[in-house]
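Peer 1: Let me give you the structure first, and then I'll get to my questions.
No value in this document is a laboratory result; all are computed from the given coordinates. Since the model is a prediction, treat every value here as computed from it, not as a measurement. FYI the Cβ positions are ideal-geometry reconstructions off the backbone, even for glycines, and counts take in every protein chain you see.
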Amino acid sequence: MRACILDERGGTHLRLQWIKIAQTALLSIGIAALLAACTDSDQPPEAEPPQQQEDAGNTGQTLTVVPPVNSTESADMAKYQIQTRLTDFQLLNDNGGLAWGVTRNALRLYYTQDEGKTWTNVSPSENVQFPANPKYGQSIYFVDRTHGWIVREGMGGTDTMVLRTNNGGVTWSLSSLSKTDKVTAISFVSPEKGWILTTVDTAIGKQDKKLYFTEDGGITWDRMSSSDEDGKQEAEEISRRGYTTGMTFSDPMHGFLTAIEFGTPKLYVTSDGGENWNAGPSFFDRNKFNGCGNFSISPPQFFGREAQSAWMSMSCSQGESTKFNGFFTTDGGKSWKVSNFTLNKQTGANRNLSPVFLNALEGWAVQKGITYHTKDAGKTWNALPASSVLEKIFEDYPEIVKIQMVTSKLGWILVENTDAKRSLLLQTVDGGVHWKVL
């Protein structure tokens with residue numbers, strides 16, 4: 001049997017509470033007390049926890065971790081708990097999702113397939129250091145449960161590294177890009193086909209954008225055509241004007257890149273897998289948003305396998321407040337229609353938190369602790385009954401990192417307290433009316 005182990009990791013704290021129950025008849029009072037403190041239980045242990053674990057200022061998400069499915073160890077016998085600070089998550093289906101954070105430059109990545117009851121550690125090797133927290137769609141992407149990629153920017157002159165798994169994180173392999181530019185976006189449309197976008201600011205209002213692609217699942221990466229020193233383009237390369245806000249591909253041929261050019265949202269599209277890029281359809285009329293000072297636009301998020309319906313979130317900020325609206329397409333991005341959200345302007349720590357949409361009609365937003373729901377693409381929003389759990393948690397975790405709904409009922413929300421370096425992941429199973437900590 002292994003006793004509880006505490007591993008303090010500077011600003012990010014990871015507590016490992018191992019238990020391995022020998023199949024013997026040893027049952028003494030001392031062992032029973034230890035098991036009460038270490039095992040996963042629906043009820044809190046009656047015994048006081050060890051003194052070294054009392055650190056209320058740096059507690060985090062408690063996850064019950066079990067071995068991988070193909071492990072030779074029994075899940076019950078090898079079960080343990082961790083407390084860790086999570087920085088992002090992604091739901092992959094209606095019962096499975098990923099959550100992760102970085103501890104002393106080591107990525108801690110966990111997967112659940114039972115709505116958060118238990119988790120599997122699918123972290124890559126600690127030898128691969130991460131100076132920053134990976135963000136989904138920017139430097140981490142999973143096309144399904146088993147196939148995923150993580151991009152680690154180059155450090156100290158080293159190449160940018162791409163980690164890949166084809167067995168759900170049981171093992172990870174490495175490849176590299178020959179540049180150390182900033183990794184801006186990653187997108188895959190199949191276990192084989194994907195793209196990585198990197199950028200570097202070259203002048204005021206200009207950004208050198210490099211696009212890499214793979215057709216073998218990330219084993220090898222090739223760069224798309226590039227411009228020469230004078231800016232002449234060998235093909236219709238992505239414009240160097242403006243600053244990229246994201247990129248996504250809806251299928252092997254069609255891709256979309258969003259940018260802010262001279263303060264205005266722009267869209268670029270490709271219909272040949274990224275070889276040639278052209279300005280997308282005109283969708284933004286600045287005259288309709290005269291009250292806004294600064295704009296931001298998200299890359300399109302497509303709904304369903306048909307890759308025809310999608311939406312883009314647009315924010316316009318004035319002073320300390322932010323107002324969100326959306327652009328929707330039903331023809332694969334050929335045309336976009338604006339939806340003026342009837343939500344109030346947002347202020348405070350969560351002023352840049354965008355609403356989220358499950359499909360072209362149904363979406364959610366959280367403002368000042370209240371969850372709002374729409375079924376008409378944001379034209380009207382209805383306040384859901386206040387969640388006492390969410391209200392209480394917001395007192396200690398006032399910042400919302402992310403919201404995602406994977407069905408009309410099931411969704412997650414990640415909240416944090418940046419100053420205290422703490423976070424909590426919560427789940428709803430009734431469309432945002434009630435929440436519980438996972």
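Peer 1: Between segment 299-335 and segment 232-285, what is the separation of their alpha carbon centroids in Å?
Peer 2: Cα centroid of segment 299-335 versus Cα centroid of segment 232-285: 15 Å apart.
Peer 1: With every atom except the alpha carbons ignored, what do you get for Rg and Dmax of segment 274-324, in angstroms?
Peer 2: Cα-based Rg and Dmax for segment 274-324 come out at 14.1, 40 Å.
Peer 1: How big is segment 287-438 along each principal axis, measuring the range of its Cα positions in Å and listing the largest first?
Peer 2: 44, 37, 26
Peer 1: With the radius of gyration and the Kirkwood radius both derived from the Cα set of segment 145-286, what is their ratio Rg to Rh?
Peer 2: Across segment 145-286, the Cα-based Rg/Rh ratio is 0.98.
Peer 1: Quick one: order Tyr136, Tyr141 by neighbouring beta-carbon count within 10 Å, fewest to most.
Peer 2: By the 10 Å Cβ count, ascending: Tyr136, Tyr141.
Peer 1: Sort Met155, Met247 so the one with the fewest other Cβ atoms within 10 Å of its own Cβ comes first.
Peer 2: Met155, Met247
Peer 1: By count of other Cβ within 10 Å, fewest leading, how are Leu425, Leu257, Leu163 ordered?
Peer 2: So the ranking, lowest neighbour count to highest, is Leu163, Leu425, Leu257.
Peer 1: Same structure again: So if I take the centroid of the Cα atoms in segment 181-221 and the same for segment 336-370, what is the distance between those two points in Å?
Peer 2: A separation of 29 Å, based on Cα centres.
Peer 1: How much net charge surrounds Trp195 when only other residues with a Cβ under 13 Å from its Cβ are counted (Lys, Arg +1; Asp, Glu -1)?
Peer 2: Cβ neighbours under 13 Å give a net charge of -2.
Peer 1: Let me ask something else about it. Does segment 143-184 come out rounded, prolate or oblate, given a ≥ b ≥ c as the square roots of the eigenvalues of its C-alpha gyration tensor, rounded meaning a/c under 1.5 and, failing that, prolate meaning a/b above b/c?
Peer 2: prolate
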